[in-house]
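Notes follow once the structure below has been shown.
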Amino acid sequence: MSALAVETPESVRNPLDLVEEIVIANEWPFERAGDDELVVEIGGRWCDYRLFFFWQAEVSAMQFSCQLDMKVQTNRRRPVNDLLAEINGRMWVGHFDLDGEANTPVFRQTLLLRGAPGATAEQLEDLVEIGLSESDRFYPAFQFVIWGGKSATEAVAASLLDTMGEA
């Protein structure tokens, strides 16, 4: 099998510039560590999230991560890995994993932009909206496994329980 070799323009705009405009418009606290990294703090339904945006110009890709505000103790890693498999099997876009350094659950997705002039505001808004909604949707499942001692199957079933009305 041979690799595909297609000439593409090198002029992909850095999507972090547009992300920064969106963040400023929403008045979210952020830090731009350099041309290739942006970190945003944002409140979610269950906790505050830390959003990471990394731009890799050499492959025209932007990685997005949404870090949940919880730690996974060493003795709960195996049940959390079972939960990750259960959750990721239900995902259409992106995936969850454990951040190795912080030992926290993280939603990740990569936006590939090779051959495009750059990302659109709609693509970036969707990226953030999907990350936040999936993090909010599965946050209780992580809590059930980490703190409640539930199995992955029990935790997902409980977190996806449809409720009627509000108490």
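Can you confirm whether the stretch 135-151 contains a residue that is closer than 19 Å to PHE54 by Cβ, touching a residue at least 12 places away in the same chain (Cβ under 8 Å), in contact with a Gly (Cβ under 8 Å, 6 or more places away or on another chain) and part of a helix (DSSP H, G or I)? So far as the stretch 135-151 goes, yes, one or more of its residues are closer than 19 Å to PHE54 by Cβ, touching a residue at least 12 places away in the same chain (Cβ under 8 Å), in contact with a Gly (Cβ under 8 Å, 6 or more places away or on another chain) and part of a helix (DSSP H, G or I). Pairing residues of the stretch 19-30 that are in a helix (DSSP H, G or I) with residues that are surrounded by 14 or more Cβ atoms within 10 Å (Cβ to Cβ) and of a type in the set (A, V, I, L, M), at Cβ distances under 7 Å and at least 6 apart in sequence or on separate chains, gives VAL19/LEU38; VAL19/LEU124; GLU20/LEU38; ILE22/LEU124; VAL23/VAL40.
Scan the stretch 113-140 for residues that are of a type in the set (A, V, I, L, M) and in contact with a Ser or Thr (Cβ under 7 Å, 6 or more places away or on another chain) and report the count.
So in the stretch 113-140, the residues of a type in the set (A, V, I, L, M) come out as 113, 116, 119, 121, 124, 127-128, 130, 132.
Now narrow it down to the ones that are in contact with a Ser or Thr (Cβ under 7 Å, 6 or more places away or on another chain): 113.
Qualifying residue count, the stretch 113-140: 1.
The listed residues are CYS66, CYS47, and the only one of them that is touching a residue at least 12 places away in the same chain (Cβ under 8 Å), in contact with a Gly (Cβ under 8 Å, 6 or more places away or on another chain) and not polar (S, T, N, Q) turns out to be CYS66.
In the stretch 1-56, the residue that is farthest from GLN109 (Cα to Cα) out of those that are polar (S, T, N, Q) and modelled with pLDDT of 85 or more is ASN26.
Can we say GLY118 is in contact with a Pro (Cβ under 9 Å, 6 or more places away or on another chain), in a loop (DSSP other than H, G, I, E, B) and not hydroxyl-bearing (Ser, Thr, Tyr)? So GLY118 fits the description; yes. For the stretch 103-148, taking the residues that are polar (S, T, N, Q) and out of contact with any strand residue (DSSP E or B) (no Cβ under 8 Å at 6 or more places or on another chain), the one that is surrounded by the fewest Cβ atoms within 10 Å (Cβ to Cβ) is identified as THR120.
Would you confirm whether or not the stretch 66-79 contains a residue that is within 15 Å of the chain's Cα centre (by Cα) and either assigned to a strand (DSSP E or B) or of a type in the set (S, T, N, Q) (or both)?
Just the residues of the stretch 66-79 that are within 15 Å of the chain's Cα centre (by Cα), to begin with: 66-70.
Those still in the list that are either assigned to a strand (DSSP E or B) or of a type in the set (S, T, N, Q) (or both) too: 66-67.
Looking through the stretch 66-79, at least one residue is within 15 Å of the chain's Cα centre (by Cα) and either assigned to a strand (DSSP E or B) or of a type in the set (S, T, N, Q) (or both).
The values are calculated or read from the model by the stated rules, or taken from the named source; none is laboratory data. These figures come from a predicted structure and were not determined experimentally. Virtual Cβ from ideal backbone geometry, glycine too; neighbours counted across all protein chains shown.
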